[in-house]
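In what follows, a structure is listed as structure tokens, so that the remarks can point back to it.
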Amino acid sequence: QVQLVESGGGLVQPGGSLRLSCTASGSIFNLYTLGWYRQAPGKQREYVAAITSSSGTDYADAVKGRFTISRDKVKTEVYLQMNSLKPEDTAVYYCNAKLGARSSWGQGTQVTVSS
């Protein structure tokens with residue numbers, strides 16, 4: 001089972017940027033598809049972006065062109081670079097690792113976009 005720890009959240013003004021990091025432990029980390037999800041108050045958790053073991057990427061329409069997901073296989077980390085942030089991006093952001101039926105979640109990191 002992969003253990004995940006997110007960091008990098010915080011308060012940012014609209015139009016600003018943040019970079020989230022997720023550090024993973026586990027010997028087969030590089031085989032996992034890694035993703036970011038978010039949950040705003042009163043809403044269901046939603047998909048944000050994913051990156052496969054071969055570094056293919058995918059994004060939700062709401063963040064396409066503004067967010068970039070990447071991974072460092074040596075450091076066993078995954079990142080989410082968030083630019084042009086909007087108030088509606090405010091949420092707790094969660095890191096996820098999937099391999100077949102296995103799925104692990106981090107504890108989440110709060111991102112607040114407000115002036």
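The values are calculated or read from the model by the stated rules, or taken from the named source; none is laboratory data. Just so you know, these numbers come straight off a predicted model, no measurement behind them. Every residue, glycine as well, gets a Cβ built from its backbone with ideal geometry; the counts of neighbours run over all protein chains shown. Side chains included, ligands, DNA and RNA excluded: accessible areas come from the protein's heavy atoms. Shrake-Rupley method; radii C 1.70, N 1.55, O 1.52, S 1.80 Å.
Residues of segment 17-50 that are open to solvent by 20 Å² or more (accessible area, probe 1.4 Å), outside any strand (DSSP E or B) and of a type outside the set (D, E, K, R): S17, G26, S27, I28, N30, L31, A40, P41, G42, Q44. Do you know which residues across segment 51-97 are of a type in the set (G, A, S), within 12 Å of the chain's Cα centre (by Cα) and closer than 22 Å to S115 by Cα? Result: A91, single match.
Restricting the first member to segment 57-82 and to residues that are within 17 Å of A97 (Cβ to Cβ) and touching a residue at least 60 places away in the same chain (Cβ under 8 Å), and the second to residues that are open to solvent by less than 40 Å² (accessible area, probe 1.4 Å) and of a type in the set (G, A, S), the beta-carbon pairs closer than 7 Å and six or more apart or on different chains are Y79/S21; L80/A49.
A single entry from L11, L80 fulfils the requirement of being open to solvent by 20 Å² or more (accessible area, probe 1.4 Å) and among the aliphatic types (A, V, I, L, M): L11.
Every condition in (1) modelled with pLDDT under 95; (2) in contact with a helix residue (DSSP H, G or I) (Cβ under 7 Å, 6 or more places away or on another chain); (3) open to solvent by 30 Å² or more (accessible area, probe 1.4 Å) holds for V2 except the one numbered (3).
Taken over segment 53-98, the criterion of being hydrophobic (A, V, I, L, M, F, W, C) and assigned to a strand (DSSP E or B) is satisfied by F67, I69, V78, L80, M82, A91, V92, C95, A97.
Report, by residue number, each residue of segment 51-69 that is closer than 14 Å to N30 by Cβ and either surrounded by 15 or more Cβ atoms within 10 Å (Cβ to Cβ) or among the basic types (K, R) (or both). Scanning segment 51-69 gives I51, T52, S53.
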